[in-house]
Amino acid sequence: MIVEGEYVFAGPRELVYRLLQDPEVLSEAMPGAAKLAMVGDGEYQGSIRVGVGPVTAAEWKLSVALRDRVPPESYTMQVDSSGPIGFTRGAATVVLLEVEDGSTVMRYRADLQVGGRVAGIGQRLIDQVAKMMTKLGLDALSRELRARLPAGELPPAPPPAGEPG
Amino acid sequence: MGRRYVGERVRRNEDRRLLTGHAMFVDDVQLPGMLHLAFVRSDHAHARIRGIDASAARARPGVAAVYTADDLGDYWQPGPLLVPPPPVEGLVFNEATQVPLARDKVRHVGEPVAMVVAESRYLAEDALADVLVDYEPLDAVVELEAALAPDAPLVHERFGTNVAAFVAQRHGDYERALERADVVVSRRFHYDRGAAAAMENRAVAARWDPQAEDLTVWDTTQAPIPIRNGLARMLGLLESQVRVVAPFVGGGFGPKIMMFYPEEVLVPWAAMRLGRPLKWTEDRHENFFATSQERGQVHDAEMALTRDGRILGIRDRFLHDTGAYDPYGLTIPINSQCTLLGPYDVPSYESEFRAVFTNKTIVTPVRGAGRQHGVFVMERLLDLAARELGLDPVEIRRRNYLGPELFPHNFDILYQDFAPLYYDSGNYLPAMETACRMIGYEDFREEQRRLRAEGRHVGVGIVSYIEGTGIGPYEGARVTVDPSGRVRVATGLGTQGQGHYTAFAQIVAETLDVEVERVHVVTGDTREFGWGTGTFASRGAVVAGSACHAAAVAVRGKVVAMAARLFGVDEEQVEVAGGRVGVRGFPERALTLGELARHANPLRGAVKPGTEPGLEATAYFGPDHGSTASGVHAVVVEVDPETAMVEILRYVVVHDCGRLINPLLVEGQVQGGVAHGIGNAFYEKLVYDDAGQLLNASFMDYLLPTAMDVPRVEMAHMETPAPMNPLGLKGVGEAGAIPAGAAFAQAVEDALPEYGLEIREIPLSPGQLFELLEAARATSPHLQEAAG
Amino acid sequence: MERASVTLPVDITVTVNGAPYARAVEPRLLLSDFLRHEIGLTGTHVGCEHGVCGACTVTLDGEAVRSCLMFAVQADGREVGTVEGLAPADGPLHPIQEAFRDAHGLQCGFCTPGFLMTLVPFLRDNPAPTEQEVREAISGNLCRCTGYQNIVEAVRLASERMSATP
């Protein structure tokens, strides 16, 4: 499964990059009451609750490793999760681009493999769930970003958030 | 003379129990103290197991035990090879049978890794999440050709290849045929198959009785006796200490054969170990992964013909997906290889196949068992040749049928029973003519033009097939006249809805001249009858039916001899009729069969030397060759080229399964088979992604045909009696499913002649048909205008 | 905590085929499992547990429902009809059962109870259906053996007989 898209953050690239590496911020931002802890440089582990269509919400173990980090431009994210109803694993590439108005465009492309019951039963819904979760997560990050910017530095209202593709 | 029952439309003896909900299926077994099982199954198609931590699951309240491969000790053994490869020269076979619980590696999604035993199924399933399996995912082998690439990951490292088998067979001289040919048609074909999807999932229950020292296993198997024999061997018990009961079974269709599935092997073992009765019932989701399936083949085939459409020879090279293990040997691809020749006179044939391991559920026979793959390739080649030669599809078949004078007919290649491919009897042209008449073939073109003028696209497809049925090795039956006057029949087969309780009763009733309702048949209980193989390859009625007949004839002999002694007359004067036996011409000198049975089992006086007590006989039947059933399917479809929806307007089957025991049952078998075939042609496909994950593992996404999708089947019977058995029987269980894909493809092409479609892939989903139509439009601008 | 809420037994009384059954059941217990395993009426079969195959169809207050899509607690105080209630023991079969036998509308018989329990309310509400109506009515019940043809025939036969003898 490929999940890709673009998202505009109303803030400077350095700050966006920093937020994206902060386990506390990520825990807050991820839907499904994620709990993430840093277990090494760029390595996080935790859990998340996700349900897909007819498949009951369940606790998934989650590990995330950031690789090929080029602050504040890009990194790849190795994701591995498994739960009683299946697993997902794969890699996402994240590229941050500075835009002249001071905001940051994030381009992401994740190639995820989904397995187990969630693949066999939830197939029709997986794409939608992945897109929805991505959007919820990015919107939450965006809110966090705005909260952290000093009031004076807040750029004008951001353009509407791009639909994750 | 006695009443005739064989050949009559007799209502079934077993129906009352089934209709009132009292028939016992395996999941209905409920015993005091029974524990329930659930299995931890792999989520990965291919992964190394780094470790398993079951401690939390073991500590959970209500959990009696958790077993992993390491807990099985010496009992952990790969399962038996069920069918060894045939003795073909140069054959390669890499044997890899399934294991009870994966130890180092998992090789398909759903492979069992651990077994949880708990006080209820709910508690057992709760505990599954507590078994932590640490996997190291490996790249999966999914596509057949990719599996053969030099750098492909290996399903079984020890072979150094994913090739499970290689078999080459030939008959005649194909190279010479090529030299003489005016036309050679050569194409690639894909034929994929789906789940058997019996409405009842699998189930196994077991009870060890320490006082009697015996084990009872209730199993949804088609072959209880081989399961009994195998379990006794594995568990170190005498065969007499193991009783396997296959009670009412909710559909078999192949995968419930003697598979020695992990659950089948583990439930009895754990019941003995824990000293508690156990039960495991598969749920539908598990069934999509854990029950064997049939799957794809890719054929590169060519046919050499003369200008006037006579086949000179065929060459076929194909790949066969065998899934992660190959316990059922080569039955499916051998069936494909042999059945391809069909009812035709093919002077030369070269066929070779490679069976390929992939990281998918095990492949074993499903109704048709590879025969439809062969039929599809043959019938498609004939259609393409006919198109190239400007011949009518019926005409090209007509020119190539084996004539009735050519029987018995031998091809120099080996069939699944390891005997040379042998056609015992057949009469093919009249079946085709009957089908043409029934479907109105002659007038169809006119009708087609008329409907076309109204903007409707209809087409006809008409194809032939044969099916080798009724193979050995043998079955047996015991027939007993009960003192009540009812007749008991026991045979070793399993029954999954075929109507054996009635068909065998008819055979025995006719021989002993009693009412069919008074013949009580038992199948599928090894304690009732302990010799036999099982229900597969459309052989039940033929082989066990012949054994029932032989046993009934022997009982009749005893009845006559005993009555002659009793009445002091010659045997020729004894008459058996209407459940009574007496002296011909003296109605007062007669006994009921029950009274005679009591005389035959005296409490005083001697049983004479050379005689036996009771009116009972056991007999066996083992045919040297199977018997060749055949038929023609004709279908009319309507296609909407805009939406790619296909509607079946008519479906005609002309079928020859030799002498009919009960037309009602035969028609039911054929109707059900056609529905299965239609599902396979248009609806049912197991969709795997690149990682070997099955994407449609529920009835929400994997579509079985419903009452809205299956047409009424119009049927005619031909009866070319089989010379190989006394009743002239041929099998019928699989026939309906075999040619449906080929007929469907021809009809869809015929409905849209201007598109020049070539349907070379089954199942043909609406989506795929839409793509074919789009591709045709892209290359032919006039179609776009026509469509617009 | 969450588990406790679905596993803490609840007292219910369900009337099945006219007889009341009082049991303490876990709220998560499916009605199908209640019928089969709690009160031993194993004529109701389970084919998919996701509401597609229809084998587990029973009547609830006279209407056909999937017993695998309901919890037993939802049937508390209500009237369930199963295949075992269609004909008295050793008595004559219900006309629909009889028609299934006469038309060879069953083979392995596993799906049959579900078809019967779908058809009982259907023929009550629509005593003289067309073939198309019959096919639509049973399109939520899967059968792998018969190809449906003889089931459709059985319904026609039953409808004729039932309207002839009201």
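What follows is calculated from the coordinates using simple rules that are stated; it is not laboratory data. The structure displayed is predicted, hence computed values, not measured ones. For neighbour counting, all protein chains shown are included, and Cβ atoms are generated from backbone atoms with ideal geometry for every residue, glycine included.
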Descending semi-axes in whole angstrom, ellipsoid equivalent of region B:406-526, from the Cα gyration tensor
44, 24, 14
Take the alpha carbon atoms of region A:105-120, find their center, do the same for region B:504-542, and report the distance between the two centers in whole angstrom.
55 Å
Kirkwood Rh in Å, taken over chain B so that all alpha-carbon pairs contribute:
27.9 Å
Principal axis dimensions, largest first and in whole angstrom, of region B:81-182 by Cα:
71, 31, 28
Counting other chain Cβ atoms within 10 Å of each Cβ in B:709-721 and taking the mean gives 2
First select every other residue whose beta carbon is under 10 angstrom from the beta carbon of B:Val217; then total the charges, Lys and Arg +1, Asp and Glu -1.
+1
Give me the three principal axis extents of region B:144-227 from the C-alpha atoms, as integers in angstrom, largest value leading.
75, 34, 27
Potential extension, B:Glu136-B:Gln768 segment - 0.36 nm per residue separation minus Cα distance:
223.9 nm
Please state the relative contact order of region B:316-438 as a whole percent: Cα pairs under 8 Å, 6+ residues apart?
27 percent
Within region C:18-34, the residues whose backbone N lies under 16 Å from a label point placed 7 Å from the Cα of C:Leu8 along the Cα-to-Cβ direction are C:24-29
Given a cut-off of 20 Å, what percent of all Cα-Cα pairs of region B:647-788 lie beyond it?
59 percent
When ranked by the protection proxy of mean other Cβ atoms within 10 Å per residue, highest first, what sequence do the peptides C:35-43, C:143-151 form?
C:143-151, C:35-43
Calculated FRET efficiency, B:Arg452 and C:Ser163, Cβ-Cβ r, R0 35 Å, to nearest 0.05?
0.25
Report the label-to-label distance for A:Arg146 and B:Asn601 in nanometres (one decimal), using points 7 Å from each Cα along the Cα→Cβ vector.
9.0 nm
The protein assembly as shown: proportion of alpha-carbon pairs further apart than 52 angstrom, %:
27 percent
Chain C, relative contact order in percent, only Cα pairs under 8 angstrom and at least six apart counted:
22 percent
Set of lysines near B:Lys608 by C-alpha distance (under 20 Å), chain-local residues within fewer than 8 positions excluded
B:Lys558
In terms of the Cα gyration tensor, with a ≥ b ≥ c the square roots of its eigenvalues, is region C:80-166 rounded because a/c is under 1.5, prolate because a/b exceeds b/c, or oblate?
rounded
Filter chain B for me: DSSP H helices, axial length by Cα at least 30 angstrom, mean Kyte-Doolittle hydropathy not below 0.0. List them by residue number.
B:545-567
Filter the cross-link list A:Lys35/B:Lys360; B:Lys105/B:Lys685; B:Lys256/B:Lys685; A:Lys131/B:Lys685; A:Lys61/A:Lys131; A:Lys131/B:Lys360 down to pairs whose alpha-carbon distance in this structure exceeds 23 Å.
A:Lys35/B:Lys360; B:Lys105/B:Lys685; A:Lys131/B:Lys685; A:Lys131/B:Lys360
Between B:Gln77 and B:Ser240, Cβ-based FRET efficiency (R0 25 Å, step 0.05) works out to 0.65
Taking all pairs of distinct Cα atoms, average 1/r, flip it, and tell me the Kirkwood hydrodynamic radius of region A:100-141 in Å to one decimal place.
12.4 Å
Can you compute the FRET efficiency between A:Ser27 and B:Val687 using 1/(1 + (r/R0)^6), with r the Cβ-Cβ distance and R0 = 35 Å? Round to the nearest 0.05.
0.45
If the label point is 7 Å along Cα→Cβ of B:Glu433, which residues in region B:600-636 have backbone nitrogen under 19 Å from it?
B:630-634
Checked region B:594-635 against the a/c 1.5 cut and the a/b vs b/c comparison, axes a ≥ b ≥ c from its Cα gyration tensor; verdict oblate
At q = 0.15, 0.20 Å⁻¹, what base-10 log of I(q)/I(0) does the Debye formula yield for region B:20-163 when every alpha carbon is treated as an equal point scatterer in vacuo?
-0.89, -1.21
Theoretical ellipticity at 222 nm over chain A - DSSP helices of four or more residues, -39500 (n - 2.57) apiece, nearest 500:
-8500 deg cm²/dmol
Could you estimate the translational diffusion coefficient of chain A from the Stokes-Einstein equation, with Rh from the Kirkwood formula over C-alpha pairs, at 20 °C and 1.002 mPa s, in whole µm²/s?
131 µm²/s
Cut-off 15 Å, label point 7 angstrom out along Cα-to-Cβ of B:Arg158: give me the residues of region B:245-260 whose amide nitrogen falls inside.
none
Rg [Å, one decimal], Dmax [Å, integer] - chain C, C-alpha atoms:
16.5, 59
Shielding by partners, peptide B:126-133 (average Cβ within 10 angstrom, other chains)
2
Please report how far the C-alpha centroid of region C:110-132 lies from that of region B:1-66, rounded to the nearest whole angstrom.
28 Å
Inter-chain shielding metric for B:671-678, i.e. average beta-carbon neighbours from other chains within 10 angstrom, reads 4
